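First up is the structure itself, then whatever we jot down about it.
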Amino acid sequence: MRKTLRWLLSLVVLIGTVSTAGAATAAQPDATGTNVVTDDAADIKDRLLAIPGMSLIEEKPYTGYRFFVLNYTQPVDHRKPSKGTFQQRITVLHKDTARPTVFFTGGYNVSTTPRRSEPAQIVDGNQISMEYRFFTPSRPAPADWSKLDIWQAASDQHRIFKALKPIYDKKWISTGGSKGGMTATYFERFYSRDMDGVVAYVAPNDVVNKEDSAYDRFFAKVGTKECRTRLNAVQREALVRRTSLEKKYKEVAAAEGYTFNTIGSLDKAFEAVVLDYVWGFWQYGTLAGCDAIPADAKNATDDEIWTSVDTISGFSFYTDQGLDPYTPYFYQAGTQLGAPTIVFPHIEKKYIRYGYQPPRNFVPRDISMKFQPGVMHDVDAWVKRNANQMLFVYGENDPWGAEPFRVGKGARDSYVFTAPGMNHGANVAGLVPDQKALATARILEWAGVASAAVQADPDKAKPLAKYDSKLDKRKVERQLRP
């Protein structure tokens, strides 16, 4: 599920104001006359590079911040640190050591363009962003895929936190969207003493991998009947016209140099793209977007059916070239995270040859995989019993929210909120007013920057950093995996 070079769900952004907090920091002009933040006691770059294992890739100027792209030396196996290391990319969006710090994880590659997550805007703080292990270039060589699991990744994050905490010694909040929200949750499960709060956006929670009826119930009710009917009809019609549309697919593949060795055939790739269509629409579309879906699929042209499916699902994705960057995700989905399997009651069985294919089909066969069924159950049970200062945000129309995290009686100061009408880009700003105010107030409190007025009345809570139309505009790269 995913569009031609996808929308890696980042919840990203930046800022445009110079810090005024803390006597240890001052805004001074750089060579271009732009104000940047510097530490009077010691240059922040020198302090970062004094950390053992830290090296500079580049520094990019940004008004009101210092932005660094760095490599940090990590053990391939945190249980056996002597067995080799690899270089893991991280970025530091530095505002002021007197401000709180947000630890952002996208769960995939890290952006090397300055970005600011919603919690970082809310608390007006620094942001550390981590590239997930095994996403290139943060991949050990040779790659021992057995060392790609949620505990090893959480241990990467723990080491980064421990290395940077002496510099950024105020409160820390971890966050991430989609697979990044899952990552922030797993980090909390294994290292619950590190962070002062967790904000996990649209984080799927596939506790029992073989039981996915929640997704089928979701698709039976999401949106309106008229919209569902349009989408279902186009999806079915694409399979009815498999012969003619696959002819076009072959022409496109030849022109673009696409190959299909991993999934096995163009026919398998074609069906996988088509079966992603409805899911893809709801993941990133809106109800208003239904107006762009062909209203009469049976009488639509081949080009109209092709274009609608390609726009939403992306015929390039299940090629070798499309799958390769996501091998680490599919490996994890097939070994620990789980993956949804849905049914298609609106399509006759004669038109479906393979069904919703498992992650194994999307990973090269020379990489061995074995599913570990107890891993997600452990995390789910831990969250229900032990969640402390955790916030989960979901979108009402997001398929991935069909199996959410929930907090139980043992949880403390933890919440699960759903933004009405929102999709996989759901955020705190999209919550209903009372929940938005409460969520913002709790984030400020966890970060240690809630004013007395906010502590007395959560309705007064607002982000501390001003919104900047350029820096705080969400940039989403479409990809239909979490």
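Being touching a Leu at 6+ places or on another chain (Cβ under 9 Å), open to solvent by 50 Å² or more (accessible area, probe 1.4 Å) and either assigned to a helix (DSSP H, G or I) or under 20 Å from residue 291 (Cβ atoms) (or both) is the filter here; which residues of the range 227-260 pass it?
Across the range 227-260, the qualifying residue is only 250.
Is there any pair linking a residue in the range 108-129 that is at pLDDT below 95 to one that is among the small types (Gly, Ala, Ser) and part of a loop (DSSP other than H, G, I, E, B), with Cβ under 7 Å and at least six apart or on different chains, and which?
Listed by first residue and then by second, the contacts come to 111/10; 115/10.
Restricting attention to the range 114-149, and to residues there that are among the β-branched types (Val, Ile, Thr) and touching a strand residue (DSSP E or B) at 6+ places or on another chain (Cβ under 8 Å), which single residue is surrounded by the most Cβ atoms within 10 Å (Cβ to Cβ)?
Step one: list which residues in the range 114-149 are among the β-branched types (Val, Ile, Thr), which gives 122-123, 128, 136.
So of that shortlist, the ones also touching a strand residue (DSSP E or B) at 6+ places or on another chain (Cβ under 8 Å) come out as 123, 128.
Values: 123: 28, 128: 24.
Filtering first and then ranking leaves 123.
Of (1) in contact with a Pro (Cβ under 6 Å, 6 or more places away or on another chain); (2) open to solvent by 10 Å² or more (accessible area, probe 1.4 Å); (3) not polar (S, T, N, Q), residue 102 satisfies all except one. Which?
(2)
With closer than 19 Å to residue 236 by Cα, open to solvent by 10 Å² or more (accessible area, probe 1.4 Å) and modelled with pLDDT of 95 or more as the only criterion, which of 309, 274, 278 stands out?
Numbers: 309 fails: open to solvent by 10 Å² or more (accessible area, probe 1.4 Å); 274 fails: open to solvent by 10 Å² or more (accessible area, probe 1.4 Å).
278 is the lone residue from the list that is closer than 19 Å to residue 236 by Cα, open to solvent by 10 Å² or more (accessible area, probe 1.4 Å) and modelled with pLDDT of 95 or more.
So residue 328 passes all but one of these: (1) in contact (Cβ under 8 Å) with a residue 40 or more places away in the chain; (2) in a loop (DSSP other than H, G, I, E, B). Which condition number does it fail?
(2)
Need the failing condition index for residue 315 against (1) surrounded by 23 or more Cβ atoms within 10 Å (Cβ to Cβ); (2) closer than 16 Å to residue 227 by Cβ, just the number.
(2)
Looking at (1) more than 26 Å from residue 201 (Cα to Cα); (2) of a type outside the set (Asp, Glu); (3) crowded, with 23+ Cβ neighbours inside 10 Å, which is the one condition that is false for residue 88?
In the conditions (1) more than 26 Å from residue 201 (Cα to Cα); (2) of a type outside the set (Asp, Glu); (3) crowded, with 23+ Cβ neighbours inside 10 Å, residue 88 misses (1) alone.
Out of the range 168-198, which residues are within 12 Å of the chain's Cα centre (by Cα), under 25 Å from residue 450 (Cβ atoms) and not hydroxyl-bearing (Ser, Thr, Tyr)?
176, 177, 180, 181, 184
In the range 418-432, how many are in contact (Cβ under 8 Å) with a residue 40 or more places away in the chain and not aliphatic (A, V, I, L, M)?
Number of matching residues: 5.
Quick one: which of 324, 378, 302, 320 is in contact with a Phe, Trp or Tyr (Cβ under 7 Å, 6 or more places away or on another chain) and open to solvent by 10 Å² or more (accessible area, probe 1.4 Å)?
Of 324, 378, 302, 320, the one residue that is in contact with a Phe, Trp or Tyr (Cβ under 7 Å, 6 or more places away or on another chain) and open to solvent by 10 Å² or more (accessible area, probe 1.4 Å) is 320.
Kindly provide the set of residues from the range 73-123 that are of a type in the set (Ser, Thr, Tyr) and within 22 Å of residue 179 (Cα to Cα), ordered by number.
Residues satisfying the conditions are 91, 101, 105, 108, 111, 112, 113, 117.
Here are some residues: 243, 262. Which one is more than 15 Å from residue 308 (Cβ to Cβ) and touching a helix residue (DSSP H, G or I) at 6+ places or on another chain (Cβ under 8 Å)?
So the residue among 243, 262 that is more than 15 Å from residue 308 (Cβ to Cβ) and touching a helix residue (DSSP H, G or I) at 6+ places or on another chain (Cβ under 8 Å) is 262.
Go through the range 188-226 and count every residue that is of a type in the set (Asp, Glu), assigned to a helix (DSSP H, G or I), open to solvent by less than 60 Å² (accessible area, probe 1.4 Å) and closer than 20 Å to residue 278 by Cα. Spell out the reasoning first.
Kept after step one, since they are of a type in the set (Asp, Glu), are these residues of the range 188-226: 188, 194, 196, 206, 211-212, 216, 226.
From what's left, assigned to a helix (DSSP H, G or I): 188, 216, 226.
This time we only want the ones that are open to solvent by less than 60 Å² (accessible area, probe 1.4 Å), so: 188, 216.
With the extra rule that they be closer than 20 Å to residue 278 by Cα, the set shrinks to 216.
Going through the range 188-226 one residue at a time, the tally reaches 1.
List, please: which pairs have Cβ atoms under 6 Å, are six or more places apart or on different chains, and start with a residue in the range 168-182 that is more than 13 Å from residue 424 (Cα to Cα) and end with one that is open to solvent by 10 Å² or more (accessible area, probe 1.4 Å) and among the aliphatic types (A, V, I, L, M)?
Matching pairs, first to second residue: 172/195; 174/195.
So which residues in the range 331-355 are assigned to a loop (DSSP other than H, G, I, E, B) and either at pLDDT below 95 or of a type in the set (S, T, N, Q) (or both)?
341
When you look at residue 384, is it more than 21 Å from residue 174 (Cβ to Cβ) and surrounded by fewer than 20 Cβ atoms within 10 Å (Cβ to Cβ), yes or no?
Against the criterion (more than 21 Å from residue 174 (Cβ to Cβ) and surrounded by fewer than 20 Cβ atoms within 10 Å (Cβ to Cβ)), residue 384 does not qualify.
Checking residue 158 against (1) touching an Asp or Glu at 6+ places or on another chain (Cβ under 9 Å); (2) in contact (Cβ under 8 Å) with a residue 40 or more places away in the chain; (3) open to solvent by 10 Å² or more (accessible area, probe 1.4 Å), only one condition comes out false. Which one?
Residue 158 satisfies all of (1) touching an Asp or Glu at 6+ places or on another chain (Cβ under 9 Å); (2) in contact (Cβ under 8 Å) with a residue 40 or more places away in the chain; (3) open to solvent by 10 Å² or more (accessible area, probe 1.4 Å) except (2).
The values are calculated or read from the model by the stated rules, or taken from the named source; none is laboratory data. As the structure is a computational prediction, the values presented were derived from the model and not from experiment. Cβ sites come from the backbone with ideal geometry, for glycine too, and all protein chains shown count toward neighbours. Side chains are part of the model used for accessible areas, which takes the heavy atoms of the whole protein and leaves out ligands, DNA and RNA. Shrake-Rupley method; radii C 1.70, N 1.55, O 1.52, S 1.80 Å.
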